[in-house]
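Chemist: Could you have a look at this structure, given as structure tokens, before my questions?
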Amino acid sequence: MSNKKANYWPHSIIASIFVVIGLCVWTVNVAINNPVEEDYSYFEKYQKVNVDINKILLKERAFNKKYSVVLSNNNFVIGQNSFELKVSNKEDNSSIDGAKVKVAITRPHTSKSDQDLKLLSDANGVYKFEPFEIKALGRWQIVSRVTVGELEAFQKLEVNATN
């Protein structure tokens, strides 16, 4: 009889290599199935926002001291929806005409449902946008950029879509 002890180290090293390779394949598969969504909250790519963030925040702070922006609808339903945005001067509550307004409807977790809304009319500081359709329940965001002269403000309003 031979008195040899079995040596399992080579087998465990090879098994560990296969486990690491399997985990690498799994990680790549998860990354492909869950792509990175770009943040478009300032209506610019994040690289440009990163470079200009100090200027953006200074303009926004000055805008918020002087003007107020109010959205008329913060409830969405499945189907057709619409809303208005009112821009007014904080000092005398007068309406601001001629502001440049850009609005988008988006989901916080994906850009597949993004909708840029077209401005229909702007009278007496009230900016009406085209009707839009909501097809899914859950969280939505209204993202807006309002520019008056050199000043700009960005808003992100969370909205819940219901039946």
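The values are calculated or read from the model by the stated rules, or taken from the named source; none is laboratory data. Note that the structure is a prediction, hence the values are computed from the model and not measured. Glycine also receives a Cβ, built like all others from the backbone with ideal geometry; neighbour counts cover every protein chain displayed.
Chemist: Look at region 144-159 and say how many of its residues are assigned to a strand (DSSP E or B) and either small (Gly, Ala, Ser) or at pLDDT below 90 (or both).
Modeler: 7
Chemist: Sort through Lys65, Lys156, Lys135, Lys118 and tell me the only one that's touching a residue at least 24 places away in the same chain (Cβ under 8 Å) and farther than 30 Å from Asn34 by Cα. Step through it out loud before you land on a result.
Modeler: Details: Lys156 fails: farther than 30 Å from Asn34 by Cα; Lys135 fails: farther than 30 Å from Asn34 by Cα; Lys118 fails: touching a residue at least 24 places away in the same chain (Cβ under 8 Å).
Exactly one of Lys65, Lys156, Lys135, Lys118 is touching a residue at least 24 places away in the same chain (Cβ under 8 Å) and farther than 30 Å from Asn34 by Cα, namely Lys65.
Chemist: So, of the residues in region 58-83 that are of a type in the set (Ser, Thr, Tyr) and at pLDDT 90 or above, which turns out to be nearest to Leu117 (Cα to Cα)? Please lay out each step first, then the result.
Modeler: Within region 58-83, the first condition is being of a type in the set (Ser, Thr, Tyr), and the residues that meet it are 67-68, 72, 82.
Adding the requirement that they be at pLDDT 90 or above leaves 67-68.
Working: Tyr67: 22, Ser68: 21 Å.
Of everything passing the filter in region 58-83, Ser68 is nearest to Leu117 (Cα to Cα).
Chemist: Can you tell me which residues in region 13-71 are within 26 Å of Tyr127 (Cα to Cα) and in a loop (DSSP other than H, G, I, E, B)?
Modeler: Asp39, Tyr40, Ser41, Tyr42, Phe43, Glu44, Lys45
Chemist: Of the residues Lys112, Lys55, Lys86, which single one is surrounded by fewer than 16 Cβ atoms within 10 Å (Cβ to Cβ), charged (D, E, K, R), within 20 Å of Lys156 (Cβ to Cβ) and at pLDDT below 90?
Modeler: Working: Lys55 fails: at pLDDT below 90; Lys86 fails: at pLDDT below 90.
Every option except Lys112 fails the conditions.
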